[in-house]
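The values are calculated or read from the model by the stated rules, or taken from the named source; none is laboratory data. Remember, predicted model here, so these are calculated numbers, not experimental data. Positions of Cβ are backbone-derived with ideal geometry, glycine not excepted, and every protein chain shown enters the neighbour counts. Calculation scope for accessible area: heavy atoms of the full protein, side chains included, ligands and nucleic acids excluded. Shrake-Rupley method; radii C 1.70, N 1.55, O 1.52, S 1.80 Å.
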Amino acid sequence: MLWALFQDNLKRAIAYTTMGELGLMVLALGIGAYGAGIFELFTHAWPKALLFLAAGVIIRELRTERLSEMGGLWQRMRFTGSVMLIAVAAASGIPPFSTFWSKDTIMSKALALKSPLTIAVIVAVTFLGAMALVRIFALTFTGETARRRRFEPERIRDVGGRLAFAMSLLAIISVVAGIRALRSRIDLIGFVTFPRVPLSNSHYVAAVVIASTAVLGAAVAWVIYARRVPLPAALRPVRRVMGEGLFVEQAYRLGAVAVLMPASRAMGWVESHVVDGATDLIAESAAFAGEPRGWLAQVRNRQLLIGLFAGVVALGAVSIVLAGWRPG
């Protein structure tokens with residue numbers, strides 16, 4: 001989630017928030033809240049699908065993916081802004097939208113286990129996730145649209161037709177996806193059960209913690225990013241490093257180009273020239289030795305006798321020399 005606060009690419013910023021939610025799902029499985037993890041997967045899918053769909057519409061109209069080149073779309077794309085606001089609220093865990101209920105059940109399990117570390121992680125993920133999502137909305141729809149060469153903001157049009165219907169449907173589901181039929185066969189938390197493992201359930205304290213954390217994160221992000229508060233100069237190197245994901249991708253590319261590719265080419269040369277050549281030599285030698293009649297038939301009798309005579313003479317000469325030689 002922390003990396004999402006420093007991304008300038010719209011789709012990458014949304015993707016980083018998804019990574020944080022996936023970590024929350026794995027955490028739910030780790031503390032035994034299996035049904036709550038499945039519930040979080042279900043409630044999170046709808047607003048995130050709506051966010052990516054809205055991002056595609058925005059990128060198509062603005063012809064850029066950079067958040068620094070966006071802004072001021074609320075007056076020109078009111079429908080897209082409204083459904084994206086619902087998606088942001090639903091994915092952030094703000095009540096009564098979808099992921100609030102699933103985060104509530106995960107927090108309830110953590111409170112039941114009395115694990116301070118787990119509770120702190122859930123609070124941090126919720127707070128940073130709300131900040132990252134509100135940041136995306138604020139940088140996209142507030143302020144003024146950045147003017148670029150060969151781009152006219154006046155030509156921006158809102159979405160319509162079947163795409164608008166699909167976005168409306170996702171927005172409705174993002175609102176009601178957290179509704180549960182408690183103690184019934186369609187209870188989403190009861191999808192996955194294990195022997196002697198109690199199901200997670202909602203808890204008033206957990207609900208208050210999740211709601212207040214999500215609202216606080218959204219408020220902090222709105223104050224910072226809607227007002228375009230400039231980043232202090234001392235933190236700009238940190239923003240660059242975090243925006244590049246600690247340069248993990250660059251390190252991977254450097255390692256692949258400078259190390260892995262030359263090593264793979266060298267291994268390919270050794271395999272084709274050394275290993276394959278040695279294998280072919282052994283195979284041909286074995287085949288040659290296994291067929292004596294074939295190569296004996298090609299040797300003439302005269303050559304064979306001359307060779308034998310030369311061998312006997314050489315052996316006799318060596319024997320005479322060795323017999324006449326005495327050490328010391």
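Tell me the label-point distance for the pair S272, R78, using the 7 Å Cα-to-Cβ offset, in nm and rounded to one decimal.
Here the answer is 6.6 nm between the modelled labels.
Return one quarter of the surface area of the convex hull spanned by the alpha-carbon atoms of the stretch 1-135, equal to its mean projected area, in nm².
Details: hull surface 30.2 nm².
Convex hull of Cα atoms, orientation-averaged projection: 7.6 nm².
Which far-off residues, 5 or more places away or on another chain, put their amide H under 5 Å from the one on N9, with H placed in the peptide plane?
L67
Sorted by accessible area with a 1.4 angstrom probe, largest first, how do S115, S212 fall? Intermediate results must be reported in sequence, preceding the final value.
Numbers: S115 30, S212 65 Å².
Largest accessible area first, the residues go S212, S115.
Compute the FRET efficiency between L260 and A124 as 1/(1 + (r/R0)^6), taking r as their Cβ-Cβ distance and R0 = 30 Å, and round to the nearest 0.05.
Once rounded, the FRET efficiency stands at 0.25.
If K11, K103 are ordered by their accessible area, calculated over protein heavy atoms with a 1.4 Å probe, which sequence runs from highest to lowest? Could the numbers behind the result be given before it?
On the way: K11 90, K103 0 Å².
Largest to smallest exposure gives the sequence K11, K103.
Determine the order of L128, L260 by accessible area, beginning with the largest, at a probe radius of 1.4 Å.
Highest to lowest solvent-accessible surface, that is L260, L128.
Pop out the ³J(HN,Hα) list for the stretch 60-65 in order, Karplus 6.51 cos²θ - 1.76 cosθ + 1.60 with θ = phi - 60°, rounded to Hz; leave Gly and Pro as x.
Once rounded to whole Hz, the list reads 5, 7, 8, 6, 7, 10.
Round to a whole number: what % of the accessible area of the stretch 1-126 belongs to carbon and sulfur, probe 1.4 Å?
Details: 3270 of 4670 Å².
Carbon-and-sulfur percentage of accessible area, whole number: 70.
Give me the net charge for the shell around A164: Cβ to Cβ below 12 angstrom, other residues only, Lys and Arg +1, Asp and Glu -1. Walk me through the numbers on the way to the answer.
On the way: positive: R78, R157, R162; negative: D158.
Charge balance near A164 sits at +2.
Please compute the per residue accessible area over the stretch 1-65 with all protein chains in place, 1.4 Å probe, rounded to a whole number of Å².
Details: 2420 Å² over 65 residues.
Normalised by residue count, the accessible surface of the stretch 1-65 is 37 Å².
Evaluate the relative contact order of the stretch 42-178 (contact order divided by residue number), counting alpha-carbon pairs under 8 angstrom at least 6 apart; express in whole percent.
Values: 161 pairs, mean separation 62.6, N = 137.
Relative contact order, the stretch 42-178: 46 percent.
If amide hydrogens are placed 1.01 Å from N in the peptide plane, which non-local residues have theirs closer than 5 Å to the one on G178?
Result for G178 returns S98.
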